[in-house]
Amino acid sequence: MNINYTKQVWAHLRQDPLISTISVLGTALSIFLIMLVVMLQQVNVAPYSPESNRNRFLHASYLSTASCQDENQSTNNGPMSEQATKELYSSLKTPEIVTVYAFLCRPSVLSVSNAVSFVAQTKQTDDDFWRVFDFDFVNGKPYDKAAFKAGQHVVVVDENVARKLYGDINVSGKDISLNHAPYKIVGVVKNVSTLASKAYGEIWIPYTATNLVSRSSGAQGLLSVTILAHHRTDFPAIVSEVNQRLTQYNKKLKEQNIRILSRNRPYDQEKESINYSSNEEPDVTGMHRRQIVMIAILLLVPAINLSSMTQSRLRKRIAEIGVRRAFGCTRMELLWNILMENLATSLIAGVLGLILCVIFSFLFSDLIFAQPFSSGTLTVNASMLLQPSTFALAFIFCFVLNLISSLIPAWRASHGNIVNALGGKTR
Amino acid sequence: MTKKLFNQIKNEWRSNLWLMAELLLVSVVMWFIVDYLYVQYSIYNQPRGFDTNHCYHIVMGTLLPSDADYNPSDTVQVNDVEELMDRLKRRPDIDAVSLSYVSFPYNTSNMWQPVTSGKLKRENVFAKNVTPGFFRVFEIKGARGESSDQLSKMLTGKVIMLSNDLYKDNYRVDMTSLIGRKFIAGGDSANISTLAAAYKPIRYSDYMEASESYSYIMPLSRTDISINMELCVRVKEGQDVDFSEKLWKDADKQLRVGNVYISDVESFSDIRKSFQQNDTNQTRNYIFGMGFLMLNIFLGLLGTFWFRTQQRRSELALFKALGATKGNVFVRQIVEGLLLLVIATIPAILIDANIAFAGLNQKMDGMTLTSGRFIITVLITWLLIAIMIVLGNWLPAKKAMGIQPARALHEE
């Protein structure tokens with residue numbers, strides 16, 4: 001039976017090469033673009049190192065404040081002060097870990113003794129940062145709580161920076177000058193893609209080593225928070241705990257005539273991935289709606305095409321179908337048979353589309369995955385693009401495309417009158 | 001001929017239904033995309049009012065009291081920053097230097113203030129506080145033809161400069177006619193400035209219209225100067241090949257003033273790219289979508305008419321036997337495809353108009369449905385699909401042309 005199928009499919013494909021090429025190309029093109037849409041979403045949402053825990057992340061990048069009296073008064077939006085992170089997030093009971101880090105990477109001037117200096121994107125973090133994000137250490141280790149508390153001048157660098165400084169990656173324990181101050185390298189990690197936007201940096205230092213904390217007023221400052229939950233199911237509990245904190249903190253802030261607006265923070269990874277402006281809540285439903293419309297168009301247009309072609313192809317085989325029916329093949333068997341034949345073609349085309357999509361993503365990663373408001377090197381690797389879900393989704397879309405494109409023609413071909421069919425007439 | 005073709009289309013309505021459904025769907029989606037791209041392109045090509053070619057943003061940093069090199073006696077940061085500006089000005093490759101607060105184009109931060117004068121009032125005007133060099137760095141020109149140089153000389157004392165179109169839509173007045181009048185920018189009514197000049201409107205970015213980018217310019221107060229201000233420079237033409245590298249070589253020695261140092265040099269082409277990435281991505285997505293739809297039309301037409309030529313072999317042979325030339329056969333088949341498109345376009349236009357009427361598409365001048373734009377975008381859409389129809393029909397039509405009447409009729 002299996003051999004039969006393969007032979008049959010191959011025979012049909014060869015019968016009319018032009019039509020077969022059109023069907024395969026049409027399907028492949030559709031799967032290619034649908035998978036691009038999927039991958040665009042995946043690089044922002046799917047887990048990969050150093051953000052392997054994205055499924056368990058809740059982010060609070062910003063904080064919004066307004067004055068206590070007036071509802072419609074102007075709001076102040078931006079990252080938080082250390083005080084606000086402590087009041088709202090640091091001591092939460094439900095999550096596994098909470099990390100506090102600088103909202104933006106800042107450029108730092110790096111140099112060793114007399115060599116020409118260069119700029120590296122610097123992320124200022126606490127020590128828990130290294131437990132929330134799973135960096136790949138190739139040398140040394142992260143800075144610990146003691147170093148963070150004391151504001152020690154210690155730095156973790158990526159391989160690229162290590163090579164630029166010393167021409168080697170085994171550099172922990174060595175000294176460098178960072179913004180004209182002496183620092184000691186404690187660890188070296190693998191380079192991080194800008195797509196892992198929360199973990200991204202070229203070098204990382206404790207935020208207590210600079211004046212970052214002092215650059216704040218009230219609840220506003222330069223810090224953001226990422227919460228690592230034990231499990232996604234804890235999210236509602238964490239949010240309600242945050243809301244309790246918010247109520248308490250707002251009571252304290254009342255004396256200063258300030259009130260914090262929640263805007264339903266913190267956000268999960270998907271919502272955070274479209275969180276471009278601090279003064280409004282990201283519209284996840286809207287994004288989903290746009291994605292659905294996009295995928296529907298990418299499926300429907302080729303489906304109509306394929307459908308009309310399948311129809312024509314079946315019309316040519318009408319006599320064959322009549323013979324099969326006359327020899328006792330049931331309608332359902334025939335329907336199933338035609339659907340399976342088409343599915344085989346769709347799958348071949350789908351694999352082609354997916355391969356094209358992956359090749360394209362690697363070759364043109366800058367064009368495809370460039371994110372707004374980010375600078376630095378964007379890299380993609382197989383672990384980011386080829387998730388198990390990628391293959392599952394590609395298969396599902398192939399299946400759906402096949403179903404909507406061949407169900408009607410197959411139904412009509414298998415439900416025609418036997419006598420007419422034997423005579424080669426469609427009705 | 002057209003009437004015969006109509007009959008033919010009617011007789012084959014069942015298989016034409018597929019094609020029409022596809023053409024209708026593609027037509028509507030294509031129009032939406034063409035409309036978006038048309039708006040983006042038109043806005044992109046409007047005058048920007050500034051120029052960031054050869055411009056760079058220099059980020060400053062300062063040593064901390066805990067640092068070894070820190071000079072505790074150097075407490076007045078203004079002096080350090082101004083000295084750094086002077087040193088930059090003296091460099092042979094630099095044309096102009098400016099300091100500003102949330103003012104340079106493609107800015108991720110901004111500040112809004114109301115601007116009022118008597119009855120004239122506009123809320124949410126972008127506030128730009130700058131040093132005189134700002135006009136020369138970004139080549140901002142006066143509405144009465146003043147050069148950047150002349151504008152920068154006028155920015156002294158308690159003055160304000162306004163975008164020429166600030167009150168144009170509400171009060172029909174050009175700012176050039178109000179020069180010398182008193183204005184209040186911000187909530188403080190005691191803070192009165194004299195209008196020194198009006199400048200040609202500065203847009204916020206390439207994809208934001210002038211009507212969304214009203215702005216005013218005031219002198220940056222010396223007391224506000226710190227390393228957190230934006231230090232921008234314009235490099236002389238032909239000098240910016242390795243400007244960053246050259247500047248960087250001197251940054252550690254000549255360009256360290258007291259506790260202030262240079263921590264980064266960003267080119268405006270990078271700032272602009274990063275700021276507009278969302279628009280660029282959106283445009284890219286739509287262009288991909290358009291390519292996809294056009295390819296599908298091509299494949300669909302190719303497939304459908306390939307079958308038709310096979311089916312109509314004997315009819316075509318008869319047509320030829322009755323005296324039709326090869327050209328007749330070819331044209332007939334192409335026109336059949338185009339006629340199908342014409343029929344599908346009629347309901348498509350109705351749907352397009354409804355989408356625009358409901359305001360679901362891109363806004364330009366605050367409108368989504370204007371007759372000129374609608375006609376242009378519908379025509380472009382029709383033409384693009386028509387090209388694909390002709391291309392897709394080419395091969396089958398060629399094949400139909402080559403049918404030998406004698407042989408085909410004999411087979412019959």
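The values are calculated or read from the model by the stated rules, or taken from the named source; none is laboratory data. Note that the coordinates shown come from a computational prediction; the quantities given were computed from them, not determined experimentally. We place every Cβ from the backbone using ideal geometry, glycine too, and count neighbours over all the protein chains shown. Accessible surface is based on the protein model in full, side chains and every heavy atom, while ligands, DNA and RNA are left aside. Shrake-Rupley method; radii C 1.70, N 1.55, O 1.52, S 1.80 Å.
Can you give the % of DSSP beta bridges in region B:94-228 that are antiparallel, to the nearest 5?
On the way: 15 of 25 bridges.
So the antiparallel bridges amount to about 60 percent of the total.
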Dividing the convex hull volume of the alpha carbon atoms of chain A by its residue count, what do you get in Å³ per residue? 187 Å³
How big is the gap, in Å, between the Cα center of region B:125-182 and the Cα center of region A:354-417? 52 Å
Placing each pseudo-label 7 Å from Cα in the direction of the beta carbon, A:TYR276 and A:THR94 end up separated by a distance in nanometres of 3.1 nm
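If you count, for each residue, the other Cβ atoms within 10 Å and average over each peptide, how do B:130-138, A:289-297, A:380-388 line up from highest to lowest? Walk me through the numbers before you get to the answer.
On the way: B:130-138: 24.4, A:289-297: 13.4, A:380-388: 15.3.
So the peptides B:130-138, A:289-297, A:380-388, ranked by packing, come out B:130-138, A:380-388, A:289-297.
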Take each uninterrupted DSSP H stretch in chain B, measure its Cα extent along the helix axis, and return the ones at 27 Å or beyond whose mean Kyte-Doolittle hydropathy is at least 0.0. B:13-44, B:326-357, B:371-401
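Partner chain Cβ atoms within 10 Å, averaged over the residues of B:260-266 - can you pull that number for me? Provide the component values of the computation, followed by the final result.
Numbers: counts 0, 4, 4, 8, 7, 2, 3.
Going residue by residue through B:260-266 and averaging, the value is 4.
Mean shadow of region A:63-264, computed from the convex hull of its alpha carbons, in nm²? Intermediate values should be presented prior to the final figure.
Working: hull surface 49.6 nm².
So the Cα hull casts an average projection of 12.4 nm².
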Relative to a virtual label point 7 Å from the Cα of A:THR285 in the Cα→beta-carbon direction, which members of region A:32-50 show backbone nitrogen distances below 12 Å? none
Label B:GLN46 and B:VAL76 with points 7 Å out from Cα along Cα→Cβ: what is the distance between them in nm? 4.5 nm
Any idea what angle helix A:17-45 forms with the longest principal axis of chain A, computed on alpha-carbon atoms, 0 to 90 degrees, nearest 10? 20 degrees
Each residue of region B:63-73 in turn: what ³J(HN,Hα) in whole Hz from Karplus with 6.51, -1.76, 1.60 and θ = phi - 60°, glycine and Pro shown as x? 5, 9, x, 7, 6, 4, 7, 4, 9, x, 7
With all protein chains present, chain A has a carbon and sulfur share of its accessible area (1.4 Å probe) in percent of 58 percent
Placed amide H near B:ASP95: partners under 5 Å, 5+ positions off or other chain: B:ARG234, B:VAL235, B:LYS236
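What is the ratio of the Cα radius of gyration of the protein assembly as shown to 2.2 N^0.38 Å, where N is its residue count, to two decimals? Could the numbers behind the result be given before it?
Details: Rg = 33.2 Å, N = 839, 2.2 N^0.38 = 28.4 Å.
Normalised Rg, Cα atoms only: 1.17.
Classify region B:6-93: rounded, prolate or oblate, from the alpha-carbon gyration tensor (a ≥ b ≥ c, eigenvalue square roots; a/c under 1.5 rounded; otherwise prolate if a/b is larger than b/c)? Spell out each step's value before the answer.
On the way: a/c = 7.53, a/b = 3.80, b/c = 1.98.
Verdict is prolate for region B:6-93.
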Candidates B:LEU23, B:LEU120, B:LEU195, ranked by Gaussian network fluctuation over chain B, Cα under 10 Å, top entry: B:LEU120
Suppose we keep just the alpha-carbon trace of region B:221-268; what are its Rg and Dmax in angstrom? 12.4, 36
Once you average over the residues of A:104-115, how many Cβ atoms of partner chains fall within 10 Å of each Cβ? 2
Over the alpha-carbon set of chain B, divide Rg by the Kirkwood Rh and report the Rg/Rh ratio to two decimals. 1.20
How much of the pair distance distribution for region A:186-324 lies past 26 Å, counting alpha-carbon pairs only, in percent? 56 percent
Amide N of region A:170-188 lying under 16 Å from the label point, which is placed 7 angstrom from the Cα of A:PHE137 along Cα→Cβ: A:170-174, A:184-188
With just the Cα atoms defining each centre, how far is region A:114-169 from region B:318-389? Give it in Å. 60 Å
Residues of region A:259-295 with the amide nitrogen closer than 18 Å to a label point 7 Å from the Cα of A:ASN243, along Cα-to-Cβ, please. A:260-268, A:281-282
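Length gain on complete extension for the stretch B:GLU237 to B:ASP188, per 0.36 nm per residue less the alpha carbon to alpha carbon distance? Please report the intermediate quantities before stating the final value.
Working: separation 49, 0.36 × 49 = 17.64 nm, distance 4.22 nm.
This chain segment gains 13.4 nm when fully extended.
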Under the 7 Å Cα-to-Cβ spin-label approximation, A:THR379 and B:ARG222 lie apart by a distance in nanometres of 5.0 nm
Excluding residues on the same chain fewer than 8 positions from B:LYS141, give the lysines whose Cα lies under 26 Å from its Cα. B:LYS89, B:LYS121, B:LYS128, B:LYS153, B:LYS158, B:LYS168, B:LYS182, B:LYS200, B:LYS236, B:LYS273
Could I get the Rg over Rh figure for region B:94-228? Both from C-alpha atoms, Rh via Kirkwood, rounded to two places. 0.93
With equal scatterers on the alpha carbons only and no solvent term, can you work out the Debye log10 of I(q)/I(0) for region B:55-129 at 0.15, 0.19, 0.22, 0.27 1/Å? -0.78, -0.97, -1.07, -1.24
